[in-house]
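Working notes for the structure below.
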Amino acid sequence: MHIPDGYIPLEQTAIYWIIAIVFIARSIKWARSDMKENMIPLFGVLAAGMFVLQTINIAANLVIPIPMLGGVSWHIVGAALAAIIFASPWAAVLLITLVLGVQSLFGDGGITAMGANIMNMGIIGGFLGYYSFIGFRKLSVKQPVALFAGAWISMIAPAIALAFELWLAGTFPLKQGVALMGIFQGVAGIGEGLITVIVFGAIVRARPDIVSEDVHSKVSTVKVAAACFFAFLGLAIAAPFLASSNPDGLQQTASMVIKESIGDVVLPIQPLFTGYSIPGMGKTGEVAAIVLGLAAIMIIWLGIIKILKKGRDEYNRNT
């Protein structure tokens, strides 16, 4: 569901970038003042993990075995999961921004369109997914059902928003765009919901303190983060061998509704390794590129931690 460069005119991408920057700034403020200090290591590892998981496209007909989905794939986004684990939709905005920023260096999602991608997956997906979960829980809906519903909404709502954005851009016809994106991402939302329930349930069973407000800030997540890091590193190595080559919902919709070729956009920054692959190295190059992306997110997060620590010290002195 990553909008590439050229699908939206630059004057419209500028609007989405402005919206995204406002939310990114607020998410950084949240991280500086409200993120539990013991959760900082887990956040970075989860962001790196989402980068890896988003490189593993899964055939959609494995979720619902119908012919229409035979040539389509989907991947986890993780916005709702991040927001629920960290008890704030701002966590989703910050995490998705980190992931998309590194992905753009591999040609996955456009640089000019990144503002729209952040708005769709991080802002719309994170906020609607999180508050849907909270709303269902307040209505006494069982936690697994609320988790599934929140995660599903975090996929379908951005898909509908994306269809409207590409209609405004003159790229998609509205009815077809909404219908196809709704179908493809609705199915993807089932997978997202199931994974969200499984992962959150595993966390609750293994470390209930992580999602408990009572002792949330007292117990370190370093060991959990370390275990997750090595698990994600293993997935990064396996990713090129697991991923489906089928197009995702947006790519499939574009192939069905776009009648004219999309013009090329000249970018000041070119992708490092297009398609998560270092040229000339085969599968080894694909593994290396994904591991490089995982490492890049961890390094960037370590730099952000230093800034956050300095900001927290100043914030604490002033409050």
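The values are calculated or read from the model by the stated rules, or taken from the named source; none is laboratory data. In this text, all values refer to a predicted model and were calculated from it rather than measured experimentally. Counting neighbours? That spans all protein chains shown, and the Cβs are built from the backbone with ideal geometry, glycine included.
Observations on the model:
- Test for Met35: is it surrounded by fewer than 23 Cβ atoms within 10 Å (Cβ to Cβ), over 20 Å from the mean Cα position of the chain (by Cα) and either at pLDDT 90 or above or not in a strand (DSSP E or B) (or both): no
- First in the range 8-23 and farther than 18 Å from Ala254 by Cβ, second anywhere and surrounded by fewer than 18 Cβ atoms within 10 Å (Cβ to Cβ), Cβ under 9 Å, 6 or more apart: Leu10/Val265
- Residue ID - surrounded by the most Cβ atoms within 10 Å (Cβ to Cβ), chosen from residues in the range 78-96 that are closer than 15 Å to Ala48 by Cβ and touching a Ser or Thr at 6+ places or on another chain (Cβ under 7 Å): Leu81
- Residue list for the range 36-90, restricted to those being farther than 17 Å from Phe148 by Cβ and aromatic (Phe, Trp, Tyr): Phe43, Phe51, Phe86, Trp90
- Any hit, the range 51-68, residues being surrounded by fewer than 18 Cβ atoms within 10 Å (Cβ to Cβ), among the hydrophobic types (A, V, I, L, M, F, W, C), modelled with pLDDT under 95 and in a helix (DSSP H, G or I): yes
- Odd one out for Pro247, checked against (1) modelled with pLDDT under 70; (2) within 16 Å of Gln54 (Cβ to Cβ): (1)
- Filter result for Ala288 (in contact with a Ser or Thr (Cβ under 9 Å, 6 or more places away or on another chain), assigned to a helix (DSSP H, G or I) and at pLDDT 85 or above): yes
- Close pairs from the range 218-232: first more than 9 Å from Leu42 (Cα to Cα), partner among the aromatic types (Phe, Trp, Tyr), Cβ under 7 Å, at least 6 apart: none
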